[in-house]
């Protein structure tokens with residue numbers, strides 16, 4: 001029922017702007033095929049292989065040591081380019097796209113998913129997964145999106161998230177080094193939840 005949650009979702013997306021968005025990592029420089037450098041150096045320069053788990057295909061609550069780099073939603077992950085997003089049949093077509101500062105923000109799947117794409121790099125820098133997508137999410141993670149199961153969220157990502165209150169309607173629990181955040185938005189007696197993915201911070 002899109003109307004039931006539309007106000008809560010709008011507040012979530014608006015409130016998340018205070019955190020800002022980090023630009024997705026750039027591709028590593030190309031290796032010269034004629035280079036005489038030792039193979040050990042070539043191997044060191046090769047991009048790290050990362051296993052990616054999709055929220056709608058796997059119960060991510062059973063997978064240890066997750067960060068935003070390991071996660072995708074309906075085939076979309078951080079760092080994907082605009083062309084890849086547009087060709088993603090599982091995600092479907094955008095319902096609306098709005099410029100927000102240096103970003104383009106697009107809504108998908110009955111506004112259950114929002115993507116922020118950096119205007120300059122053309123890459124996905126933030127993914128928002130809202131309560132309205134919970135029915136498509138696999139396993140126990142649904143309880144985080146539907147009810148804000150904070151105990152399970154802490155079990156997955158750590159016991160001491162950074163708790164923030166940007167306004168009276170919004171509370172968030174953030175793990176900057178893992179690039180994940182749970183945002184609760186209240187509108188009267190109604191509560192909605194958003195799982196936010198950004199690039200992990202170092203240090």
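Where a number appears in this text, it was derived from the coordinates with a stated rule and is not lab data. Note that the coordinates shown come from a computational prediction; the quantities given were computed from them, not determined experimentally. Virtual Cβ from ideal backbone geometry, glycine too; neighbours counted across all protein chains shown.
Hey, can you rank 83-95, 108-120 by average C-beta count inside 10 Å, highest first?
Ranking the peptides 83-95, 108-120 by packing returns 108-120, 83-95.
Could you sort the peptides 171-179, 49-57, 190-198, 147-155 by per-residue average Cβ neighbour count (10 Å cutoff), highest mean leading?
By packing density, highest mean first, the sequence is 190-198, 171-179, 147-155, 49-57.
How would you order 158-165, 129-136 from highest to lowest mean count of nearby Cβ atoms within 10 Å?
Descending mean neighbour count gives 129-136, 158-165.
To the nearest 0.05, what FRET efficiency results for residue 150 and residue 57 with a Förster distance of 35 Å applied to their C-beta separation?
The pair residue 150/residue 57 has a calculated efficiency of 0.90.
Please work out whether the range 136-197 counts as rounded, prolate or oblate from its C-alpha gyration tensor, where a ≥ b ≥ c are the square roots of the eigenvalues and a/c under 1.5 means rounded, while otherwise a/b larger than b/c means prolate and anything else oblate?
Oblate, because a/c is 1.5 or more while a/b does not exceed b/c.
Nearest 0.05, what FRET efficiency do residue 140 and residue 168 give at R0 = 25 Å with Cβ-Cβ as r?
Here the calculated transfer efficiency is 0.25.
Spin-label point model (7 Å from Cα, Cβ direction): what's the residue 94 to residue 186 distance in nm?
Rounded to a tenth, the inter-label distance reads 3.4 nm.
Which whole-number percent gives the relative contact order of the range 59-152, counting Cα pairs below 8 Å spaced six or more residues apart?
Computed value for the range 59-152: 24 percent relative contact order.
To the nearest Å, what is the center-to-center distance of the range 115-136 and the range 56-104, using C-alpha atoms only?
Distance between centres, Cα-based: 5 Å.
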